[in-house]
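Student: Here you go, one structure.
The values are calculated or read from the model by the stated rules, or taken from the named source; none is laboratory data. Here the structure is a predicted model, which is why all the values come from computation and not from measurement. Note: ideal-geometry Cβ built from the backbone for every residue, glycine included; neighbour counts use all protein chains shown.
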Amino acid sequence: MELFKRATSVAEAIKLGEGRVTLRGWVYRKRALREKVFILLRDSTGVIQLVLPRDKFRVAGDLNIESSIVVTGVLVRDSRAPGSVELHVESVDWACAGEPYPINEDAVKADSEYLLDMRHLWVRGRKMQAILKVRHTVFGAVHEYFRSRGFYEVQAPMFVTAAVEGGATLFRVDYFGRHVYLTQSSQFYLEALIYSLERVYTMAPSFRAEPSRTRRHLTEFWHAEAEMAWAGVEDAVRVSEELVGHVIERVLGERQDELKMLGRAMESLERARPPFYRISYDEAVEILQRRGLAIKWGDDLGADEERALTLEFDRPVVLYGFPERVKAFYHRNDPRRPEATLSFDVLMPEGYGEVVGGGERIYDARELVEKIVRFGMNPEDYQWYIDLRRYGSVPHAGFGLGVDRLVMWIVGADHIRDVVPFPRDVRRVRP
Ligand code: 4AD
Ligand code: MG
C-alpha cells in the first residue's frame, strides 16, 4: 500500500525537526480552537502535535479520540509543542473516524473492572505501550542470556499428566474423554532433555489454578526455566542471578524513556547487579521473628513474610535452604542436614518478593521414590520421571523465573495484571 511505504515515524519526525513528511497514527488528544485544531498524533514510537487550519480541514472537527489518520505537512520547531516539534498539516491523506471512544474518566471511575473489560482497547494506552516495550526487551534479554551461555532452547508440552508443583493448583482438561492437566512447569521435561543437551532452557506459559486473587498471581504466566547437568544448587543460584541481572541491565540500556514515563526509580534497577544478597532460611526466620511476625522454623514464607523481609533490602536476595516440607518433592535434601533442602528463591526488594524458585534435584532413583511416597503421592504417576534416574543419572539443578513478576518489579507495578496485556486470573478469561 502506498500509504504504508512513504510514512515517517513520529520519533523520526521529532528527530528530523524540519522538512515535509507523511505521518500515520491515531488521535491521542484533540483541542479545537476557533481557527485551528490541535491534534496529538500517536504511533508506536511517540506523540507529536499536528496543527490543522480549521477552514481547510472540516474533517478534523469530527475526529474522535483514537480515529486513525494519515497526514502530510511541514515540520516546524516550536518549544511549546511536546517534543518541541509540530507538524503543520497540508493534506489529510486518509482518515477513519472512530466512534466516541469508550475509555474515559467517568466510565473508569464508575466501575473498577472497566479497564479490564476494555483491555482490547486499553492496550493502546501510553502506559501500557511503555510496559509492552519493556516486556519486549525482557523477553529478548532472556533468550540472549541463555543462548550466549551455551544453553539450548527447547520446547515442552502444555498438556501433561502429572503435577510438578502440587495437585492443588492443577487445571484439569478433558482430553478425548480422559483427564489431563495444563502444565505447571516444564521442569521435568527439561530434566529429560539435559541427558541430550546438558544445558537447556525454555520460555513458555505455565498454568496454576490459583484460587485467590493476589497482586502477584496469575492463572497463566510466562515461565523462563533452565536445567543444567553436572550442576549443584550454587550453579543454579549463580545462573539465575546473572540472568536477572542481565535482563535488568538490558532494560536500563534500552528502555530509559519508558522507565521515566512510568516513574520508575532508576537507582533501584542500577543496584540490582549480581552477586545478590544471600540469606539462609534460618536467618530469614530470625529476622522475621525480630520484626514480630508469627513464623517458626518449618513454616513457608507467604506474601506478608516476603514483603516484610524484602523491605529490609535494597537489592535482590537469594534465600536458600528451605525446609523439606515447604518445597516440592523433587528437591534434593541437604546431606548435611536432611530436614532442609538444597533449594533457593530469588526475592526482589522493596516488598516485591519471589521471582525465581529453584535448586538441586534428587538424582538417585531410590531416594526419589522414597520421597514421593513420604509426600503421600503415587510413584506410578511419576514413572518416566523416575526412569530418568535409571540410565546414567547425573547431579543436576535448575530454576524457574516468573517473567511477568520480574517485569512487575522492573516497572514498579502494584499488580501483576498491570504488566500483562491480556491477564488471566480466577475471575477473568476475557478479553
Ligand atoms: O516457584 P515455582 O512454583 O517453581 C517451579 O515451578 C519450578 N518447577 C521451577 C523450576 O525449578 N524449573 O515457580 C517459579 C516461578 C516463581 O518464582 C514465580 O516467579 C513464578 O514462577 N510463578 C508465578 N507467576 C505468576 N503467577 C503465578 N501463579 C505463579 N506461580 C509461580
Ligand atoms: Mg516458588
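Student: Can you find, within the stretch 385-400, the residue that is nearest to ligand 1 (Cβ to nearest atom) among those that are over 19 Å from residue 340 (Cβ atoms) and among the hydrophobic types (A, V, I, L, M, F, W, C)?
Tutor: For the stretch 385-400, the residue satisfying everything is 388.
Student: Turning to a different aspect of this structure: Quick check: anything in the stretch 324-344 within 11 Å of ligand 1 (Cβ to nearest atom), part of a strand (DSSP E or B) and closer than 18 Å to residue 303 by Cα?
Tutor: Yes, the stretch 324-344 contains a residue that is within 11 Å of ligand 1 (Cβ to nearest atom), part of a strand (DSSP E or B) and closer than 18 Å to residue 303 by Cα.
Student: Can you tell me which residues in the stretch 294-318 are in contact with a Leu (Cβ under 9 Å, 6 or more places away or on another chain) and of a type outside the set (Gly, Ala, Ser)?
Tutor: If the condition is that a residue be in contact with a Leu (Cβ under 9 Å, 6 or more places away or on another chain) and of a type outside the set (Gly, Ala, Ser), then 295, 301, 304, 305, 306, 309, 310, 313, 316, 317, 318 are the ones that fit.
Student: Run down 288, 293 and say which single residue is in contact with an Asp or Glu (Cβ under 7 Å, 6 or more places away or on another chain), over 27 Å from residue 411 (Cβ atoms) and either of a type in the set (Lys, Arg) or assigned to a helix (DSSP H, G or I) (or both).
Tutor: Testing whether each residue is in contact with an Asp or Glu (Cβ under 7 Å, 6 or more places away or on another chain), over 27 Å from residue 411 (Cβ atoms) and either of a type in the set (Lys, Arg) or assigned to a helix (DSSP H, G or I) (or both) leaves just 288.
Student: Testing residue 116 on (1) surrounded by 17 or more Cβ atoms within 10 Å (Cβ to Cβ); (2) in a strand (DSSP E or B); (3) among the aliphatic types (A, V, I, L, M), one condition comes back false. Which one is that?
Tutor: Here residue 116 meets the rest and fails (2).
Student: Could I ask something else about it? Out of 110, 13, 81, report the one residue that is surrounded by fewer than 13 Cβ atoms within 10 Å (Cβ to Cβ) and aliphatic (A, V, I, L, M).
Tutor: 110
Student: Looking at 382, 352, 363 in this structure, which one is within 16 Å of ligand 1 (Cβ to nearest atom), of a type in the set (Ser, Thr, Tyr), surrounded by 16 or more Cβ atoms within 10 Å (Cβ to Cβ) and within 20 Å of the chain's Cα centre (by Cα)?
Tutor: 352
Student: Got a number for residues in the stretch 200-212 being surrounded by fewer than 21 Cβ atoms within 10 Å (Cβ to Cβ) and either within 19 Å of residue 148 (Cβ to Cβ) or of a type in the set (Ser, Thr, Tyr) (or both)?
Tutor: 2
Student: Looking at the stretch 327-336, can you tell me whether even one residue there is near ligand 2 (Cβ under 10 Å from one of its atoms) and out of contact with any Asp or Glu (no Cβ under 8 Å at 6 or more places or on another chain)?
Tutor: Yes, that holds for at least one residue.
Student: Condition first: in a loop (DSSP other than H, G, I, E, B), out of contact with any Phe, Trp or Tyr (no Cβ under 7 Å at 6 or more places or on another chain) and farther than 25 Å from residue 260 by Cβ. Now tell me which residues in the stretch 394-431 satisfy that.
Tutor: 422, 424, 426, 427, 429, 430, listed by residue number.
Student: Right, here's the next one. Which residue pairs have Cβ atoms under 6 Å apart, sit 6 or more places apart or on different chains, and have a first residue in the stretch 176-202 that is among the acidic types (Asp, Glu) and a second that is part of a strand (DSSP E or B)?
Tutor: Taking only residues 6 or more apart or on different chains, the pairs are 191/227; 198/229.
Student: What's the number of the condition residue 412 fails, among (1) exposed (fewer than 14 other Cβ atoms within 10 Å of the Cβ); (2) more than 16 Å from ligand 2 (Cβ to nearest atom); (3) not β-branched (Val, Ile, Thr)?
Tutor: (1)
Student: For residue 267, which of the numbered conditions (1) touching a Gly at 6+ places or on another chain (Cβ under 7 Å); (2) surrounded by fewer than 21 Cβ atoms within 10 Å (Cβ to Cβ); (3) in a helix (DSSP H, G or I) fails to hold?
Tutor: Condition not satisfied by residue 267: (1).
Student: Across the stretch 132-178, what is the total count of residues that are closer than 30 Å to residue 65 by Cα, of a type in the set (A, V, I, L, M, F, W, C) and within 16 Å of ligand 1 (Cβ to nearest atom)?
Tutor: Going through the stretch 132-178 one residue at a time, the tally reaches 0.
Student: I would also like to ask the following. Here is a list: 186, 206, 148. Which entry is of a type in the set (Gly, Ala, Ser), over 23 Å from residue 429 (Cα atoms) and modelled with pLDDT of 95 or more?
Tutor: Exactly one of 186, 206, 148 is of a type in the set (Gly, Ala, Ser), over 23 Å from residue 429 (Cα atoms) and modelled with pLDDT of 95 or more, namely 148.
Student: Ok, one more. Would you check if residue 353 is closer than 24 Å to residue 251 by Cα and either without any contact (Cβ under 8 Å) to a residue 60 or more places away in the chain or within 15 Å of ligand 2 (Cβ to nearest atom) (or both)?
Tutor: Yes.
Student: Within 16 Å of ligand 2 (Cβ to nearest atom), aliphatic (A, V, I, L, M), farther than 17 Å from residue 402 by Cα and at pLDDT below 95: is that true of residue 163 in this structure?
Tutor: It is true that residue 163 is within 16 Å of ligand 2 (Cβ to nearest atom), aliphatic (A, V, I, L, M), farther than 17 Å from residue 402 by Cα and at pLDDT below 95.
Student: Return the residue satisfying two criteria in turn: it lies in the stretch 213-257 and is within 14 Å of ligand 2 (Cβ to nearest atom), outside any strand (DSSP E or B) and not hydrophobic (A, V, I, L, M, F, W, C), and of such residues it is surrounded by the most Cβ atoms within 10 Å (Cβ to Cβ).
Tutor: Filtering first and then ranking leaves 240.
Student: Go through the stretch 223-243 and give me each residue that's of a type outside the set (Gly, Ala, Ser), more than 24 Å from residue 364 (Cβ to Cβ) and touching a strand residue (DSSP E or B) at 6+ places or on another chain (Cβ under 6 Å).
Tutor: Passing the criteria: only 223.
Student: Determine the pairs where a residue that is within 14 Å of residue 219 (Cα to Cα) and without any contact (Cβ under 8 Å) to a residue 24 or more places away in the chain, located within the stretch 160-172, has a partner that is among the β-branched types (Val, Ile, Thr) and more than 16 Å from ligand 2 (Cβ to nearest atom) with Cβ atoms under 9 Å apart, the partner being 6 or more residues away or on another chain.
Tutor: Pairs that qualify, where the first residue is within 14 Å of residue 219 (Cα to Cα) and without any contact (Cβ under 8 Å) to a residue 24 or more places away in the chain and the partner is among the β-branched types (Val, Ile, Thr) and more than 16 Å from ligand 2 (Cβ to nearest atom), are 172/180.
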